[in-house]
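Colleague: I'd like to ask you about the structure that follows.
The values are calculated or read from the model by the stated rules, or taken from the named source; none is laboratory data. If you're wondering where the values come from, they're calculated on a predicted model, not measured in any experiment. No Cβ is skipped: glycine too gets one built from the backbone with ideal geometry, and neighbour counts run over all protein chains shown. We work out accessible area using only protein heavy atoms, side chains counted, and drop any ligands, DNA or RNA first. Shrake-Rupley method; radii C 1.70, N 1.55, O 1.52, S 1.80 Å.
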Amino acid sequence: MEEKRVKTKKVVKRRLKLKGVLFLMLFFALFFLVVNYLLKVEIKHIGVTGNTYAKDSAIIASSELTEDVSFLGFSENKTCEKINSNPLIKSCKIVRKLGFKVEIKVEENVPLFYYVNENSTVLSNGDRIDGTNTFGLPRLINNVTEKVLEEFVDRLSNIKSDIIHSISEIEYAPSASEDGKLIDEERFMMIMNDGNTVYINNKKMNILNSYDKIYASIGEEKGTFNFDCDFDNYLFTRYEEGV
């Protein structure tokens, strides 16, 4: 009889490489120490960019960030929520930078004019800030219907800041026919700082962005610009002598 062959398997013993284990232990130890350090290190500097009207100090105060706060110990979203509570702030972004510096980037709701009847500053998003005219803005001196005012704010928010600041006073001045029939309910009169008068409506508001160029084309004369016309050759009427 033939003998049965018994199959045997070789058992391979896997040996852990001691150097590899030590390297991993050292790596995790260093990683833990670095993370622990970063969680404890404090903010070295807080900066603000993108703001013209909201003060740096007010933005930083609303953020509740100080140089005692851990560099990684605060939430960017929650911090921006606090900053956005300021009506002048439209949007916010927090950037952590090298050297443990924090930069707060903001976009503003721009103050457009001071509404005398409400004793408030009207912002580019339509919100109001109660109080005095602290930004040196043009003054809207009479009442405007809410529908017309809403579009006026929307159109004026697209006008360059230096042009807005060249306006001294705004008066709502809808035009009407001799028999009292309303012609243009969106018409405004603006007194400019240079002494000129401008008539304009919401539809033609974008012409204001070219005001400096248009005025320069007529020299040093003073008068009234009618930008509310339905054609592109805007009327200019010189003031009478002595006015």
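Colleague: Give me the pairs: first residue in region 112-125 and part of a strand (DSSP E or B) and open to solvent by 10 Å² or more (accessible area, probe 1.4 Å), second residue of a type outside the set (A, V, I, L, M, F, W, C) and modelled with pLDDT under 95, beta-carbon distance under 7 Å, and six or more apart or on different chains, which are they?
Modeller: Tyr114/Asn133
Colleague: Now a separate question. For Arg128, state whether it is buried (at least 17 other Cβ atoms within 10 Å of the Cβ), under 21 Å from the mean Cα position of the chain (by Cα) and of a type in the set (Lys, Arg). So that I can check it myself, show each step before the final result.
Modeller: Numbers: buried (at least 17 other Cβ atoms within 10 Å of the Cβ): no; under 21 Å from the mean Cα position of the chain (by Cα): yes; of a type in the set (Lys, Arg): yes.
In short, no.
Yes/no per residue for (1) over 18 Å from Thr197 (Cα atoms); (2) modelled with pLDDT under 95; (3) touching a Phe, Trp or Tyr at 6+ places or on another chain (Cβ under 9 Å):
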residue: Asp127; (1), (2), (3): yes, no, no
residue: Asn133; (1), (2), (3): yes, yes, yes
residue: Ile141; (1), (2), (3): no, no, yes
residue: Glu151; (1), (2), (3): yes, no, no
residue: Ser157; (1), (2), (3): yes, no, no
residue: Ile167; (1), (2), (3): no, no, yes
residue: Glu171; (1), (2), (3): no, no, yes
residue: Lys181; (1), (2), (3): yes, yes, no
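Colleague: Name the single residue, out of those in region 131-145 being within 19 Å of the chain's Cα centre (by Cα) and without any contact (Cβ under 8 Å) to a residue 60 or more places away in the chain, that is least open to solvent (accessible area, probe 1.4 Å). Even if it seems obvious, please write down each step before you answer.
Modeller: Of all residues in region 131-145, those within 19 Å of the chain's Cα centre (by Cα) come to 134-137.
Restricting the remaining residues to those that are without any contact (Cβ under 8 Å) to a residue 60 or more places away in the chain gives 134, 136-137.
Details: Thr134: 100, Gly136: 53, Leu137: 9 Å².
Per the stated criteria, the residue is Leu137.
Colleague: Yes or no: Ser57 open to solvent by 40 Å² or more (accessible area, probe 1.4 Å), of a type in the set (Gly, Ala, Ser), modelled with pLDDT of 95 or more and not in a loop (DSSP other than H, G, I, E, B)?
Modeller: For Ser57, the condition - open to solvent by 40 Å² or more (accessible area, probe 1.4 Å), of a type in the set (Gly, Ala, Ser), modelled with pLDDT of 95 or more and not in a loop (DSSP other than H, G, I, E, B) - is met.
Colleague: If you scan region 77-105, which residues turn out to be touching a residue at least 24 places away in the same chain (Cβ under 8 Å), within 16 Å of the chain's Cα centre (by Cα) and not in a strand (DSSP E or B)?
Modeller: Ile83, Asn86, Pro87, Leu88, listed by residue number.
To keep it simple, each residue is scored yes or no on (1) of a type outside the set (S, T, N, Q); (2) more than 24 Å from Pro111 (Cβ to Cβ); (3) more than 32 Å from the chain's Cα centre (by Cα); (4) open to solvent by 40 Å² or more (accessible area, probe 1.4 Å).
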| site | (1), (2), (3), (4) |
| --- | --- |
| Lys147 | yes, no, no, yes |
| Asn158 | no, no, no, yes |
| Tyr172 | yes, no, no, no |
| Leu182 | yes, yes, yes, yes |
| Asp194 | yes, no, no, yes |
| Ile218 | yes, yes, yes, yes |
| Gly223 | yes, yes, yes, no |
| Tyr234 | yes, yes, yes, yes |
